[in-house]
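Asks: Encoded as structure tokens, here's the structure I'll be asking about.
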Amino acid sequence: MIAHLIPRLLQSIAVVFVVASLVFVGSRLIGDPIKAFSARNATEESIEAARERLGLHDPMIVQYGNFLAGVVQLDFGDSIHTQQPAWNEVRGRLWSTVQLSMAAFVLILVIGVPIGVLAAVRRGSVPDLLARLVALVGQAMPNFWLGLLLIFIFAVRLGWLPTGGRGSFENLILPAITLAGFGAASAMRLTRSGMLDVLSNDYIRTAHAKGLAGRTVILRHALRNALLGLVTVLGITLAQLLAGSIIVEVVFAWPGVGRLIFRSISLRDFPVIQVGVLVIAVWFVVINILVDLSYNVLDPRIRVGSS
């Protein structure tokens, strides 16, 4: 396992380096941050002093080198807007985004996987047709539109839930459902197709012939073998939830990293943008490594082959 993990770690470092380079270039292309924060009556001397303080007069290659040196030392500079360390700005909102992402992921597991198993076991029945229809709608509907629809129905019309913000558990329900919509639909379809492939194998028929209970055959034999492909998608989905929360957080005024990145882009606050994107990149890398390690637990053949 160690021999397999070391190349993955080296690849992950390379991925983070590439993302850091791209976000450095991209954040410089959104406009002049000094003009975005300078007052209309600001003098040319004050504007030049601000550029000097941020190092914007240095050649781009020098700025890039200083940026990489700061990343290695976990020093991302100060926010142009608040004059506070950019990492502190992101760290203060990170738990809100993680909370929303994990709530959405739990909904994906609780809704997508069981319904996919049910649809596969009862192939061609009414529950199967309904599950496929719901999965199709879930994958076709943009999450921002789903969020607005849920706000209109459950917050505006019925008044059951708040329209946005973060506070009580009720504030988490609509954003979590919105964020989980696409992932639950994908998990549902993939679980169904994986289970159908497994259920047609000879060892499943043998298990039934031996008199094993149907629930035992489905959960212990069929589902575990169908999980290998599902784990990959679930891992990618968990990584995407953090990045996909940007629009959802804006729609529901959820005070997370996604909303902070969105605001920082409009304000051209590139130190905060850089930290936020790097946090998402590291999240992707860590989840991918954990997915690789989970293969060794789910499929003994991988453990034998790696040894």
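Asks: Tell me whether region 135-147 contains one or more residues that are in contact with a Ser or Thr (Cβ under 6 Å, 6 or more places away or on another chain) and in contact (Cβ under 8 Å) with a residue 60 or more places away in the chain.
Replies: yes
This table checks each residue for (1) in contact with a helix residue (DSSP H, G or I) (Cβ under 9 Å, 6 or more places away or on another chain); (2) assigned to a loop (DSSP other than H, G, I, E, B); (3) modelled with pLDDT under 65.
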position: L219; (1), (2), (3): yes, no, yes
position: L242; (1), (2), (3): yes, no, no
position: E249; (1), (2), (3): yes, no, no
position: W254; (1), (2), (3): yes, yes, no
position: F262; (1), (2), (3): yes, no, no
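Asks: Residues being surrounded by 16 or more Cβ atoms within 10 Å (Cβ to Cβ) and aliphatic (A, V, I, L, M): count how many of those fall in region 58-80.
Replies: Looking only at that region, the number is 2.
Asks: Is it the case that some residue within region 63-86 is touching a strand residue (DSSP E or B) at 6+ places or on another chain (Cβ under 9 Å) and in a helix (DSSP H, G or I)?
Replies: yes
Asks: Condition first: loosely packed, with under 14 Cβ neighbours inside 10 Å and small (G, A, S). Now tell me which residues in region 89-114 satisfy that.
Replies: If the condition is that a residue be loosely packed, with under 14 Cβ neighbours inside 10 Å and small (G, A, S), then G92 is the only one that fits.
Asks: May I pose another question? Collect the residues in region 247-278 that are of a type in the set (F, W, Y), surrounded by 22 or more Cβ atoms within 10 Å (Cβ to Cβ) and under 24 Å from A180 (Cβ atoms), keeping them in residue-number order.
Replies: F252, W254
Rundown of residues vs (1) of a type outside the set (S, T, Y); (2) modelled with pLDDT of 70 or more; (3) on the phi > 0 side of the Ramachandran plot; (4) not assigned by TED's automatic domain parsing to the domain that holds P127, yes/no style:
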| site | (1), (2), (3), (4) |
| --- | --- |
| S168 | no, yes, no, no |
| N171 | yes, yes, no, no |
| I177 | yes, yes, no, no |
| G183 | yes, yes, no, no |
| I204 | yes, no, no, no |
| L212 | yes, no, no, no |
| R215 | yes, no, no, no |
| R224 | yes, no, no, no |
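Asks: Another question, then. Could you check, for region 140-162, whether at least one of its residues is under 25 Å from the mean Cα position of the chain (by Cα), part of a loop (DSSP other than H, G, I, E, B), of a type in the set (F, W, Y) and more than 13 Å from E249 (Cα to Cα)?
Replies: Within region 140-162, not a single residue is under 25 Å from the mean Cα position of the chain (by Cα), part of a loop (DSSP other than H, G, I, E, B), of a type in the set (F, W, Y) and more than 13 Å from E249 (Cα to Cα).
The values are calculated or read from the model by the stated rules, or taken from the named source; none is laboratory data. Every value quoted in this text rests on a predicted model; they were computed, and no experiment measured them. Ideal geometry is used to build each Cβ from the backbone, glycine not excepted, and the neighbour counts take in all protein chains shown.
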